[in-house]
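Let me begin by presenting the structure, written as structure tokens, before commenting on it.
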Amino acid sequence: MGVTEHHSISVDQMVETLSMMIATTVDDAIVRRGIAVLGVSGGRFPGRLFQALATLPLSWDKVVLVLVDERWVDPDDPDSNEHLVRSRLRVHHAEAAQLVGLKTPDASAEAGLPAIEAALGRVAFPFDLVMLGMGEDGHTASLFPSAPRNELIAALDPAGRAKAAVLHPTVTPLTRISLTLPALLNSRKIILHIPGPEKSRIYRTARQGRDVEAMPVRAILQQTQVPVEVHLCDRENP
């Protein structure tokens with residue numbers, strides 16, 4: 001267990017490296033248990049990675065994609081992570097993959113939480129792979145340091161039983177749904193992608209400190225339950 005680092009000379013190379021690694025993970029999982037369960041997140045870099053993955057001729061009909069976090073917006077909203085996955089990943093070969101989203105028709109995230117928990121309860125955990133990013137404030141998934149402390153502490157509780165949590169970070173006007181730390185750690189492997197020099201600098205700051213509430217990504221980096229691969233690129237791509 002622990003953290004291993006992998007360095008790429010460009011973001012394009014990092015996309016290629018991760019695509020091949022994810023493809024191998026999917027193939028191995030399908031051979032081992034008949035399906036592959038992947039935790040996926042939103043963002044600019046995942047969008048590029050998704051486009052590359054979608055072109056690979058994998059057994060996508062045996063793949064389950066589970067969002068690790070979501071904004072409380074309709075799935076066709078451009079800000080929706082589900083929208084990103086549907087438009088960038090569930091196309092071409094990957095159209096046959098099953099997607100488990102975190103947005104319900106309920107008026108509020110709090111009202112939708114029981115249905116979200118029920119949907120996650122039907123997922124064949126553990127994840128074979130969870131793909132995470134990191135924000136400039138050290139958040140990962142939607143575990144924001146600016147969320148109310150009681151919400152963040154509950155979502156980061158390693159002994160918690162909930163799979164999902166509602167958070168209201170002050171840095172965004174949108175309510176968030178996030179998988180909790182125990183749900184994220186219910187995985188065989190975690191990938192943390194860090195593209196660009198600024199994100200790399202923030203990652204190094206996270207590695208040097210211990211305060212999980214200040215930088216929730218530390219909860220992933222400091223745990224010893226699941227192996228973590230950190231993929232870094234110190235250069236910006238155009």
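The values are calculated or read from the model by the stated rules, or taken from the named source; none is laboratory data. Just so we're clear, the structure is a prediction, and the values are computed from it rather than from any experiment. Virtual Cβ from ideal backbone geometry, glycine too; neighbours counted across all protein chains shown.
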Checklist line | Cross-chain or 6+ apart pairs with Cβ under 8 Å, the stretch 137-164 first and at positive phi, then loosely packed, with under 15 Cβ neighbours inside 10 Å | finding: Gly138/Thr205; Gly138/Ala214
Item checked: Residue list for the stretch 216-238, filter: under 16 Å from the mean Cα position of the chain (by Cα) and within 19 Å of Pro158 (Cα to Cα) -> Pro216, Val217, Arg218, Ala219, Ile220, Leu221, Val226, Pro227, Val228
Check: Would you pick out the residues in the stretch 74-108 that are of a type in the set (A, V, I, L, M, F, W, C) and part of a loop (DSSP other than H, G, I, E, B)?
Finding: Val91, Ala97, Leu102, Ala107
Check: In this structure, is Arg161 surrounded by 22 or more Cβ atoms within 10 Å (Cβ to Cβ), more than 22 Å from Leu232 (Cα to Cα) and basic (Lys, Arg)?
Finding: no
Note to self: Would you confirm whether or not the stretch 144-156 contains a residue that is touching a helix residue (DSSP H, G or I) at 6+ places or on another chain (Cβ under 6 Å) and surrounded by 22 or more Cβ atoms within 10 Å (Cβ to Cβ)?
What the structure shows: no
Notebook entry, point to check: When only residues in the stretch 59-108 that are surrounded by 15 or more Cβ atoms within 10 Å (Cβ to Cβ) and without any contact (Cβ under 8 Å) to a residue 12 or more places away in the chain count, which is farthest from the chain's Cα centre (by Cα)?
Noted result: Ser87
Check: Here are Ala115, Ala111, Ala52, Ala119: which of them is touching a strand residue (DSSP E or B) at 6+ places or on another chain (Cβ under 8 Å) and either at pLDDT 95 or above or part of a helix (DSSP H, G or I) (or both)?
Finding: Ala119
Next item on the list: Given the conditions (1) closer than 20 Å to Arg188 by Cβ; (2) part of a helix (DSSP H, G or I), report the number of the one that Val66 does not fulfil.
Entry: (2)
Next item on the list: Output the residues belonging to the stretch 109-143 that are more than 12 Å from Val66 (Cβ to Cβ) and buried (at least 21 other Cβ atoms within 10 Å of the Cβ).
Entry: Ala109, Leu132, Gly133, Met134, Gly138, His139, Thr140, Ser142, Leu143
Check: For Leu58, are the conditions met, namely being modelled with pLDDT of 95 or more, part of a helix (DSSP H, G or I) and either within 16 Å of His93 (Cα to Cα) or not aliphatic (A, V, I, L, M) (or both)?
Finding: no
Note to self: Given the criteria loosely packed, with under 15 Cβ neighbours inside 10 Å, free of Cβ contacts under 8 Å to residues at least 24 places away in the same chain and either under 16 Å from Thr140 (Cβ atoms) or more than 13 Å from the chain's Cα centre (by Cα) (or both), does Gly209 qualify?
What the structure shows: yes
Notebook entry, point to check: When you scan the stretch 84-108, how many residues do you find that are in contact with a Leu (Cβ under 8 Å, 6 or more places away or on another chain) and at pLDDT 95 or above?
Noted result: 11
Notebook entry, point to check: Residue check, Ile190 against (1) surrounded by 22 or more Cβ atoms within 10 Å (Cβ to Cβ); (2) in contact with a Ser or Thr (Cβ under 6 Å, 6 or more places away or on another chain), all met but one. Which one?
Noted result: (2)
